[in-house]
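*Asks:* Please read through the structure below; I'll follow up with questions.
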């Protein structure tokens, strides 16, 4: 009797067979580029509007009647939410839902792989940070919304740190390792090319030139979680693990 045909990719490391099977079950995300560009465009438009609001609010600062900065911290979440909203809406309307299209519901394996990849991202960030400081000195001082954080722990600051830990990983991963990754897969780009392209875009979208190498390395680690499991939930967990220490630093540094 003829043996059953082995459909696994002979050039793919055995560790990534799971991701290959998940991609086959998921099917094509032909709408991935549309979701990606709409989400990213909405993010830029939202950021532009937010910057104008902050400039108008802070520009008219009156020491006798200081502005309430807490709501501005909450408002700063809005552009980032748009990153994940477009892929979610496209998945609901044109796809098979978030669970099927992106694997957004985590399995225990996603947790294990995600935490390990997130820890690798943290280690790479620390090492690259030391190298960059030795080469070019300390990073430039923060600007924009970071200037509104202040020195007092408030519920607004807690929500900001919580979003940095959980919200931003979810929305950014839905856009980058969800819609963009799925679109590149649809056009049959090699897996490692998809990994590099998504990591490069992840670094670029943050618009922080000094941290570009750090963000690129983090994007590679998060992308590996996505590649190994085939599910965005693993890269979300890796991203959240990577963001945990910065989120704690934001909150604990105040007060």
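*Asks:* Taking into account only those residues within the stretch 30-49 that are more than 19 Å from the chain's Cα centre (by Cα) and in contact (Cβ under 8 Å) with a residue 60 or more places away in the chain, which is surrounded by the most Cβ atoms within 10 Å (Cβ to Cβ)?
*Replies:* Narrowing the stretch 30-49 to residues more than 19 Å from the chain's Cα centre (by Cα): 30-31, 48-49.
Checking which are in contact (Cβ under 8 Å) with a residue 60 or more places away in the chain leaves us with 30-31.
On the way: 30: 13, 31: 19.
In this case the residue turns out to be 31.
*Asks:* Tell me, which helices (runs of 4 or more DSSP H) wholly within the stretch 153-255 include 3 or more residues that are more than 10 Å from the chain's Cα centre (by Cα) and closer than 13 Å to residue 121 by Cβ?
*Replies:* On the way: elements: 155-162, 168-173, 181-186, 191-205, 212-229, 232-252.
So the answer is 212-229, 232-252.
*Asks:* Residues to consider are 52, 63, 34, 3; find the one that is at pLDDT 70 or above and farther than 23 Å from residue 173 by Cα.
*Replies:* 52
The values are calculated or read from the model by the stated rules, or taken from the named source; none is laboratory data. Keep in mind the model is a prediction, meaning the values are calculated, not measured. All Cβ positions, glycine included, derive from the backbone under ideal geometry; neighbour counts span all protein chains shown.
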